[in-house]
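Each remark here refers to the structure printed beneath this line.
The values are calculated or read from the model by the stated rules, or taken from the named source; none is laboratory data. Source: prediction; values computed, not measured. Counting neighbours? That spans all protein chains shown, and the Cβs are built from the backbone with ideal geometry, glycine included. Accessible surface areas use protein heavy atoms only, side chains included; no ligands, DNA or RNA. Shrake-Rupley method; radii C 1.70, N 1.55, O 1.52, S 1.80 Å.
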Amino acid sequence: MIRLRNVVKTYRQGRAAVPALQGVSLDVAEGAFVSVMGASGSGKSTMLHLIGGLDVPDSGSISVGGQQLGRLSDDELTLFRRRKIGFVFQFFNLLPTLTAEENVALPLLLDGKSLHEARPRVESLLERVGLGARRCHKPDELSGGEMQRVAIARALVVDPLLVLADEPTGNLDSKTGEEILHLMKETAEQARQTVVMVTHDARAAAYGERIVTLKDGRVVGDLCGEEGERP
Amino acid sequence: MSVKYALLGILSERERHGYELKAAFDERVGEFWSLNYGQIYTTLDRLEREGLVERRDEPQARRPDRKIYRVTSKGRRELESWLGRPVARPRALRDELFIKLLFRAGGDVDPVLDLVHEQKEVYLGHLRRLTQRKFALAKQPQRDDRLVTDLLIDAALFHAEADVRWLAHAEQKLRAASRRRARPREESR
Ligand SMILES: Nc1ncnc2c1ncn2[C@@H]1O[C@H](COP(=O)(O)OP(=O)(O)OP(=O)(O)O)[C@@H](O)[C@H]1O
Ligand SMILES: [Mg+2]
């Protein structure tokens, strides 16, 4: 599903070069739930952004769902992001002037659908994340946990192949965080989606069946398969 | 020791013989705590001597009498008072890892860092196993003790998380210390 080969990314900070990824190779199977851990600055978010086509590597190759991202034009990349990938971020990234329902519908609206057409799917997702009664609330009328549920519903609205989540529970208390993780894992299982979730929280990471550890822009740990029994 | 109170608690629901007692114990807390029959019978003998349970022997055809235990009123009072008391001594810091680190101290930092890293992976594997169990548990039908089992898993998760965080913290400190030791040498070159 995801294939990274010798991916290198260096940021320029004035005259200094900041190496963010120093040769990362990784394969993720379809339907897997992979957690990425590592200290602050280890390159987790950078890796997620590159997989999601939000940024491009300096060298190395990335393919997602059989598609070499480097070969796509800007327009193709935009469509790929919008149709194939659901993003969930730590700070929810909801538009403050839109209601929960409109925020969830947004990816479909951007893709040319009307709110009317989008509504059945949007309603059923808001039900699914337990927010059926909050669909007309604006983000500032929702709690952090509720905003994150809206963000998850929005990520899932296009029925993406891949869900990319960056610290999805970073701002939530541990019980709410647990509910969000449970929801993500359950919906991914049902829709057979692949999930890559970045977190520095070991309890959150444990929701993945595979835990990849980054350090200084390199993969230094990859816990998968045999060490844990299957549920 | 709380085996005593776990047995008292189970017997407080209804009288049971030794085999049933073990089955009930295993069902409730067996995932976290294993007991053999020897431990159960020694504990029952002690409870009986202290007057907290009483035993009645039920004859069985062609087999030895079945020993049936029930809680006395003194036992109930003792259980109630135990249930209401907080635990005085938190988890002991008696990890094998500390001993290993102790004997490595002062030497080359790399093998220590390798050990710390591997130990972290072990804890992560443990966390993942517990989380899978927790996820599966949440899908099961609601029962009175499901919440308690979930909380017990949470406790184990929080402990393992603390271990992982401590190891990550130790890793950073060990690294910083070894850089400090390496620097004067580099400068003198
Ligand atoms: N846009 C940018 N411009 C310059 N440097 C950047 C940029 N984005 C990231 N970096 C640098 O790249 C390195 C990796 O950053 P990244 O955001 O991937 O880390 P992270 O593992 O997600 O950390 P955190 O846990 O703090 O979110 C860091 O040293 C960071 O300062
Ligand atoms: Mg980050």
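Assorted remarks:
- Restricting segment A:31-81 to residues that are within 16 Å of ligand 2 (Cβ to nearest atom), of a type outside the set (A, V, I, L, M) and in contact with a Leu (Cβ under 8 Å, 6 or more places away or on another chain) leaves a set whose member that is nearest to A:ALA205 (Cα to Cα) is A:GLY38.
- Checking A:PHE89 against (1) more than 14 Å from chain B (Cβ to nearest Cβ); (2) within 16 Å of ligand 2 (Cβ to nearest atom); (3) without any contact (Cβ under 8 Å) to a residue 60 or more places away in the chain; (4) of a type outside the set (S, T, N, Q), the condition it does not meet: (3)
- Failed condition for B:VAL116, given (1) open to solvent by less than 60 Å² (accessible area, probe 1.4 Å); (2) among the aliphatic types (A, V, I, L, M); (3) outside any helix (DSSP H, G or I): (3)
- For segment B:160-176, the set of residues classified as touching a helix residue (DSSP H, G or I) at 6+ places or on another chain (Cβ under 8 Å), away from chain A (no Cβ under 12 Å) and open to solvent by 30 Å² or more (accessible area, probe 1.4 Å) consists of B:LEU174 only.
- Hits in segment B:131-152 - residues which are in a helix (DSSP H, G or I), more than 11 Å from chain A (Cβ to nearest Cβ) and open to solvent by less than 70 Å² (accessible area, probe 1.4 Å): B:ARG146, B:THR149, B:LEU152
- Qualifying residue in segment A:82-90 (condition: within 12 Å of the chain's Cα centre (by Cα) and among the polar types (S, T, N, Q)): yes
- Hits in segment A:134-168 (condition: within 16 Å of ligand 2 (Cβ to nearest atom) and either of a type in the set (D, E, K, R) or without any contact (Cβ under 8 Å) to a residue 60 or more places away in the chain (or both)): A:ASP166, A:GLU167
- Elements of type strands (runs of 3 or more DSSP E) contained in segment A:1-95, each with 2 or more residues being within 14 Å of ligand 1 (Cβ to nearest atom) and surrounded by fewer than 20 Cβ atoms within 10 Å (Cβ to Cβ): A:2-13, A:16-28
- Sole exception among (1) open to solvent by less than 40 Å² (accessible area, probe 1.4 Å); (2) free of Cβ contacts under 8 Å to residues at least 12 places away in the same chain; (3) among the hydrophobic types (A, V, I, L, M, F, W, C) for A:ALA205, by number: (2)
- Segment A:214-231 - residue that is open to solvent by 10 Å² or more (accessible area, probe 1.4 Å) and facing chain B (nearest Cβ under 8 Å) and, of those, modelled with the highest pLDDT: A:VAL220
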